[in-house]
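Notes follow the structure.
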Amino acid sequence: MCGVVGGVSERNMVPIILEGLSRLEYRGYDSAGITVIGSSNKLARQRVTGRVEELAKICGNENFRGLCGIGHTRWATHGGVTIDNAHPHFSNDKIALVHNGIIENYAPIREELKAKGYEFKSETDTEVIVHLIHSLYVTNKNLLLSVKEATKQLHGAYAIGVMCVDNPDEMVCARLGAPLILGLGIGEMFFASDISALLPVTQKVVYLEDGDVAIITRAGYKVYDAHDKEIFRKPNISELSVTQTELNGYRHYMQKEIFEQPDAIAQTLQSLGNSFNTNVFGRDAGKIFKQIDQVQIIACGTSYNAGMVAKYWIEDFAGLECRVDIASEYRYSKPPKRPNTLIVSLSQSGETADTLASVKYAHELGMTNTLAICNVAESSLTRLSKLSILTQAGPEIGVASTKAFTTQLVVLLYLANTLAMTKGHLTSNDAEARIRQMRCLPQLIIDTLKLEEQLKLIAKEMEYKQHALFLGRNTLYPIAVEGSLKLKEISYIHAEAYAAGELKHGPLALIDKEMPAIILMPGNLLHDKVKSNVQEVLARQGVVYLFTDTEEDVTAKCHRVVKMPENIAEYLLPIIYTIPLQLLSYHTAITKGTDVDKPRNLAKSVTVE
């Protein structure tokens, strides 16, 4: 959740770290800080409770500079949002450290260190790590060895960068359960939570594995694995560029990413090919798909909503039982041990802690046929899974997921059809027809984006609403859930979603003339049933915002009707009906004046439990 960045260079690291932190701000932004080793070989630190731009203002002093430095953007876990709790943390003005993750056994270690005379100035679990490293360094005078020994005592998750005034030309990094990469420059080396922070200085990166400890200098790097064996981690050239992470004329990243969806889906479809082929999921996919007799989807947040849509497709097309579980619940459940289960994990970043833990748990239960659907190559999730496939969404910076969600849906639809083909439930003619219809998605989304002006009008009416109700049926029920999540995330309006058939079982009690009801009613998906639900809301003076491709008597009674594109194949509806709900939440947030890309209390990548 927090963002870490740092490095050793022949040039001043302060502007490099500030730029990296600004690109990591989506990961956490309660507070931010930088520490450098100055010309007098002393630690110099600047911290703020607030945004990186505030940190940049106080780092403008010419005297605040250094060739070795670390930086951090914080998403508070242990301790409130205060200067003392902001990173980097020091031990005896000799060692400085930044940390992403949670140390579960910090309390007993803290008491041991207090007994040794260490004074704690923060409420964080992180300060335990830096004092622990210092306590070992006092004896061995070797930062690398001290970090190795300290990490063996830590339980939980961490990605850390550590530096010591005695060795201003080197830095030590380590990771377990939280992402960390190294960046290779010419006469300089860097580390960061993800590639976006390093794109302005390098595209050459090394992905560290769980348990790795690395030492970096201007000349290069050495990596030691979890067994303390020196190991070569191969550098990779990232395909991302700085321009892909810029706003490019858009007001917010979320807006940019909504309008990038036609291209993102086109790229994803192109990567999948012109037929339903098991090979795109991995070399052994054909064999595995033939063996499985059920599917288990594991995900969090928006990815969980994508999995809920996929359940309908997989059961309908492939005739396979499909369960969908929230990762934070699955990892503590006791599911039946069925080795012929395909475990499908969904994550935009591939670093979601609960999802990773759930896949590992499935392995422990003997369910090793794992498939990761992810947007980041070389992520922890793809490396952990037997099979993997990448969505081609490109970088997604906005905290509220948009194009990552719709590209996940495209890949899941492709998976459902590929499973159907493998199980003998899909004829070649039907397969060709579905591929053709999927190829229409980019243009259908372009057409749907033209509804933006209508949605701006609705957004203005939503400005002072305290609550909203979203209703849909079948595959559009999870889309209603996703729409309510988006509205909650960025406009802070309390929103709930229900399967429309559940109205009579409680939610009707919420309906009055102040309650906006956003209802999804396509003509070819349980239309008459949803129409009855619309009538139920209207009969109780509910304010109906109807999204439909039909025109009939009930539409005239609704407060506003958003006319959706017609003649869309039933299984493409979830992808298309997602688009106006994204636009609605975005423009409602604009109207209310909230921070769209950095909604309060939230972070993009949830890398801690």
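Tabulated data for the structure shown
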read-out	value
Residues of segment 15-42 that turn out to be under 19 Å from residue 164 (Cβ atoms) and buried (at least 21 other Cβ atoms within 10 Å of the Cβ), as a count	6
Count - residues of segment 139-191 that are open to solvent by 30 Å² or more (accessible area, probe 1.4 Å), of a type in the set (Asp, Glu) and in contact (Cβ under 8 Å) with a residue 40 or more places away in the chain	3
All positions within segment 328-378 that are aromatic (Phe, Trp, Tyr), in a helix (DSSP H, G or I) and open to solvent by 30 Å² or more (accessible area, probe 1.4 Å)	361
Filter result for the condition that a residue is in a strand (DSSP E or B), buried (at least 22 other Cβ atoms within 10 Å of the Cβ) and of a type in the set (A, V, I, L, M), over 86, 96	96
Qualifying residue in segment 406-420 (condition: farther than 15 Å from residue 310 by Cβ and either modelled with pLDDT of 95 or more or assigned to a strand (DSSP E or B) (or both))	no
Residue ID - nearest to residue 188 (Cα to Cα), chosen from residues in segment 28-52 that are charged (D, E, K, R) and at pLDDT below 90	51
Residue satisfying all of: in segment 295-304; part of a helix (DSSP H, G or I) and in contact with a strand residue (DSSP E or B) (Cβ under 6 Å, 6 or more places away or on another chain); farthest from residue 403 (Cα to Cα) among these	304
Strands (runs of 3 or more DSSP E) enclosed by segment 1-69 - at least 3 residues per element that are over 24 Å from the mean Cα position of the chain (by Cα)	31-37, 43-48
Residues within segment 382-409 that are more than 21 Å from residue 589 (Cα to Cα) and surrounded by fewer than 24 Cβ atoms within 10 Å (Cβ to Cβ), tallied	11
Qualifying residue in segment 305-327 (condition: farther than 20 Å from residue 377 by Cβ, part of a loop (DSSP other than H, G, I, E, B) and modelled with pLDDT under 95)	no
Residues of segment 464-502 satisfying the condition of being among the acidic types (Asp, Glu) and in a strand (DSSP E or B)	496
Qualifying positions in segment 60-81 - surrounded by fewer than 21 Cβ atoms within 10 Å (Cβ to Cβ), touching a helix residue (DSSP H, G or I) at 6+ places or on another chain (Cβ under 8 Å) and of a type outside the set (Lys, Arg)	64, 78
Index of the failed condition, residue 105 passing every other in (1) open to solvent by less than 40 Å² (accessible area, probe 1.4 Å); (2) within 17 Å of residue 5 (Cα to Cα); (3) touching a residue at least 40 places away in the same chain (Cβ under 8 Å)	(2)
Test: residue in segment 532-553 that is of a type in the set (S, T, N, Q), open to solvent by less than 10 Å² (accessible area, probe 1.4 Å), in contact with a Ser or Thr (Cβ under 9 Å, 6 or more places away or on another chain) and outside any strand (DSSP E or B)	no
Wholly within segment 147-212, strands (runs of 3 or more DSSP E) carrying at least 2 residues that are closer than 18 Å to residue 101 by Cα and of a type in the set (Val, Ile, Thr)	156-164
Contacts under 6 angstrom Cβ, first residue in segment 564-577 being under 18 Å from residue 306 (Cα atoms), partner open to solvent by 30 Å² or more (accessible area, probe 1.4 Å) and part of a loop (DSSP other than H, G, I, E, B), 6 or more apart	570/524
Set 574, 522, 565: member being open to solvent by 10 Å² or more (accessible area, probe 1.4 Å), closer than 30 Å to residue 314 by Cβ and under 31 Å from the mean Cα position of the chain (by Cα)	565
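The values are calculated or read from the model by the stated rules, or taken from the named source; none is laboratory data. Since this is a predicted model, take the numbers as computed values, not measurements. Here Cβ is always computed from backbone atoms with ideal geometry, including for glycine, and neighbour counts include all displayed protein chains. Just the protein is used for accessible areas: all its heavy atoms, side chains included, with ligands, DNA and RNA removed. Shrake-Rupley method; radii C 1.70, N 1.55, O 1.52, S 1.80 Å.
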